[in-house]
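In what follows, a single structure is set out as structure tokens and then discussed.
All of the numbers you see were taken from the coordinates with simple rules; none came from a lab. Note that the coordinates shown come from a computational prediction; the quantities given were computed from them, not determined experimentally. Cβ placement follows ideal geometry from the backbone for every residue including glycine, while neighbour counts extend to all protein chains displayed.
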Amino acid sequence: MYEWQNERAGSAKGLSDVSKLLVQTSRTSSMGLRERELSERLDVEGGSPHRGAGRGHRNEPFVIGVAGGTASGKTTVCDQIMQRLHDQCVVMLSQDSFYRNLSEEELQDVKNYNFDQPSAFDTAAIMKCLTELKEMRIVEVPVYDFTTHQRSTETRRVPPADVVIIEGILVLHMEEIRSLLNMKVYVDTDDDVRLARRIQRDVAVRGRDVGGVIEQYTKFVKPAFDQYVAPSRKFADIIIPWHRCNEAGDNVVAIDLIAEHIRMKLQQHDLRRIYPNLEVIPSNFQIRGMHTIVRDRETSTADYVFYADRLLRLVVEASLGHLPFRERTVVTPTGHQYVGVDFAKKLCGVSIIRSGESMENALRACCKGIKIGKILVHRVEDRVMDQEIVYEKLPTDIAERFVLLMDPILGTGGSASRAVNVLLDKGVEEGKILFLSLIAAPEGIHTLCKKFPRMKVITSEIDEHIDSEFRVVPGTGNFGDRYFCE
């Protein structure tokens, strides 16, 4: 059995996992062929790989955090996830590798030192390592000696990868680490099982005696678990009951679901992996063909408007699919019942003048009699977050409605953010706002999805970047001028 759990109200669902006392790679505990080739290539090129097409585009790894009490089976869970991702490049880190060196005073009284408290770890080193891996750089991971309680002079070299897994008791407790995770997993195991496995591990691997292990567990491990580890399960996206943690076949359903979810994420655009509130309409040759026409500078105004309208309607249709519905049963002309759904009530559109007005016809075609408001923002391109509201006209009851906020081109996100704030000031719930665009730049997506994690952002294509003149590249030019023939 498995349990899915929301991170917390108002925050986007992230994803995370962890693994191993030693850093490992995907197919074996040593660096696989694919990683060796990548590492050697980086040595020669002297830089980080920028994979993916387009200037300024770089793939980011999918980062998983796996937490749980001591000896809960975190490493086993991570190993099984890696086995199912054998066709992907995966690296694993352990929070235990980042214990800080003990001072002379602490070493003299090591039996009274608490290794399960947050201050026992070098958080800065963990963050540096994860940040560089997210930037697709090679990192040097410390090697910690549990006998001397000091870091070795040697380090373990870890190359960038498609998936990064980090495991440790406090991975979900530390807010800094949580902020970098795309998936968060908590391994839930019975206390007695964990104690038995802790004794077995510390005696066999870390050279300690049974009495010392039990004393440390009673004095430090269990209190720290109650204070830090157990409460952190509330941040988990997935909680895995792992009662028979020494058996390889335990809870295979949860492991399979996690692995399948990761594969799905790896097939998505990088930004879609990071932001669950971002929706990119699945592309096909028909959509690509229409984008080709509207992006072509030689396209006539009539053709531009025709194909832009078709694309804009697809965006509107996709957004309506994210609205809540309720079941409704009707009787067909044959006299039989049909169990369907009823559309969401209390819906309105708001266009950001003037390009956003091009989306109004598509919305009216999909939603008969829908109310539409307008917001005019004075765009100050060199001061992205300093936009001025010039005009607004909104339904008086907009606070009670779901709002489709429309602007076909999402650039820096400054004007869009300002418009969203207007809606929030009017009492609209963030989770009831859907931002619709035809083309979006990564900069704008970062701005909106970070600032408004409960707002859905829907687009048909993500372009490469914004150039020095604040134009979306490759873009479609000035959408308003081309659409309204000015």
Cα-based Kirkwood hydrodynamic radius, the range 277-483, one decimal, Å
17.7 Å
Listing V390, V422 by rising number of other beta-carbon atoms within 10 angstrom, fewest first, gives V390, V422
May I ask which of K346/K371; K371/K393; K184/K265; K134/K265; K371/K432; K371/K456 have a Cα-Cα span longer than 18 Å here?
K371/K456
Would you list I466, I370 from fewest to most Cβ contacts within 10 Å?
I370, I466
If each K or R counts +1 and each D or E counts -1, the residues other than P324 whose Cβ falls under 11 Å of its Cβ total +3
The range 69-207 - convex hull of alpha carbons, volume per residue in Å³:
125 Å³
Enumerate the lysines that K219 could reach by cross-link, defined here as Cα to Cα under 27 Å, with residues fewer than 8 away along the same chain left out.
K20, K74, K111, K234
For a quick check: with amide H placed at 1.01 Å from N, whose amide H comes under 5 Å from V139's, ignoring anything fewer than 5 positions away on the same chain?
V158
Per-residue Cβ neighbour rank within 10 angstrom, fewest leading, I293, I352:
I293, I352
Cβ-Cβ cut-off under 13 Å around N101, Lys and Arg +1, Asp and Glu -1: the net charge is -3
If you plug each phi of the range 406-419 into the Karplus form 6.51 cos²θ - 1.76 cosθ + 1.60 with θ = phi - 60°, what whole-Hz ³J(HN,Hα) values come out, in order, with x for Gly and Pro?
10, 7, x, 10, 9, x, 6, x, x, 5, 4, 4, 5, 5
